[in-house]
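The values are calculated or read from the model by the stated rules, or taken from the named source; none is laboratory data. None of these values were measured; they are calculated from a predicted model. As a convention, Cβ positions derive from the backbone with ideal geometry for all residues, glycine included, and neighbour counts pool all protein chains shown.
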Amino acid sequence: MISVHWHTLLLALKRFLRAPLSNLLTVLVIGVALSLPAGLYAVIDNLNRLADGTTGEPQITLFLQTSASKGDIGDLADRLRKLPGVGQTDFVGKDSALKELVKNAGIEDLAATLDHNPLPDAFIVRPRSDNPVELEALRSELEKLPKVDSAQLDSAWAKRFYALLQVGRQGVTVLAILLALALTAIIGNTIRLQILTLRDEIEVSTLIGATDAFIRRPFLYFGALQGLLGGMVAWLVVAASLLLLNSAVADLAQQYGTAFRLQVPGPGGSLGLLGGAALLGWLGAYVAVGRHLKHPGRHG
């Protein structure tokens, strides 16, 4: 059985090499078309990786008034612990906040010139709920507490960012489906032309008792081969594009003190792209050959 499939694969390769230019053009069309959804998905995947590096847990930062005393801070801590919507609270003193800022931003020289600490004391509040409406209501309530200068809802942007990524994934999925249908038609048309070229050979094979599966198999391998090669082209286009963008992305990330870089699709994504492309080629060939075997006279 293995020898039969090996012989069929060699036959498909020979048919591919009989018209290398036209087949290569078809492969390039497949590759360029597949590179669009594959590239967009790779960008979304990288953005999702960037978002995963930030905290997705909602937090509310309470910045205290500069006039707040230690007694005021203690009273406020007690009130926060009694609120039903508050899960956990952490106090961040202005001295420790300044040290952390100096350490992360590398502004030791600038900090040395300051005659006083400009940062306020703060509380980091972790709400019990992540419902956007409840979070905003809690933020407004906390902002009205004594000695609270302002209340800032952190990580709300992350939720919106994740929502946008989800919309992007759905858009890429729709685009991939539309392009898959178009590529199936393109590959099917290529196989149909090959069937017309080999019509006499197919008719002779049918007369001597060849089954539909025997006739169909070389075309299926040929379509899968075209799809696989197109998938390889798409992977190369996506990888080259991401590597070219990395220089600009690295410069931008450096401005924000990070070392973020775009990554090419991993083994799972690469195998998915190649396997999906080969499956599209196989499907296009199956449809084209199936139509011929069902209505052979219409392809004369």
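Per the listing ILE186, ILE177, the residue uniquely of a type in the set (A, V, I, L, M) and modelled with pLDDT under 85 is ILE186.
Residue-by-condition table, conditions (1) modelled with pLDDT of 75 or more; (2) closer than 15 Å to LEU142 by Cβ; (3) of a type in the set (A, V, I, L, M, F, W, C):
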| residue | (1), (2), (3) |
| --- | --- |
| LYS70 | yes, no, no |
| ILE73 | yes, yes, yes |
| LEU110 | no, no, yes |
| ASN117 | no, no, no |
| SER129 | yes, yes, no |
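Of all the criteria given as (1) loosely packed, with under 13 Cβ neighbours inside 10 Å; (2) under 33 Å from the mean Cα position of the chain (by Cα); (3) at pLDDT below 85; (4) assigned to a helix (DSSP H, G or I), the one not satisfied by LYS103 is (2). Within the option set LEU34, LEU21, LEU50, being at pLDDT 85 or above and within 33 Å of the chain's Cα centre (by Cα) holds for one residue only, LEU34. Scoring GLY257 on the criteria (1) modelled with pLDDT under 85; (2) touching a helix residue (DSSP H, G or I) at 6+ places or on another chain (Cβ under 9 Å); (3) surrounded by 13 or more Cβ atoms within 10 Å (Cβ to Cβ) leaves a single failure, condition (3).
Pairing each residue of the range 164-179 that is in contact (Cβ under 8 Å) with a residue 12 or more places away in the chain with any residue that is assigned to a helix (DSSP H, G or I) and small (Gly, Ala, Ser), provided the two are 6+ apart or on different chains, yields C-beta distances under 8 Å for LEU165/ALA51; LEU179/ALA33. Every listed requirement among (1) surrounded by fewer than 19 Cβ atoms within 10 Å (Cβ to Cβ); (2) modelled with pLDDT under 85; (3) in contact with a Phe, Trp or Tyr (Cβ under 9 Å, 6 or more places away or on another chain) is met by PHE219 save one, (1).
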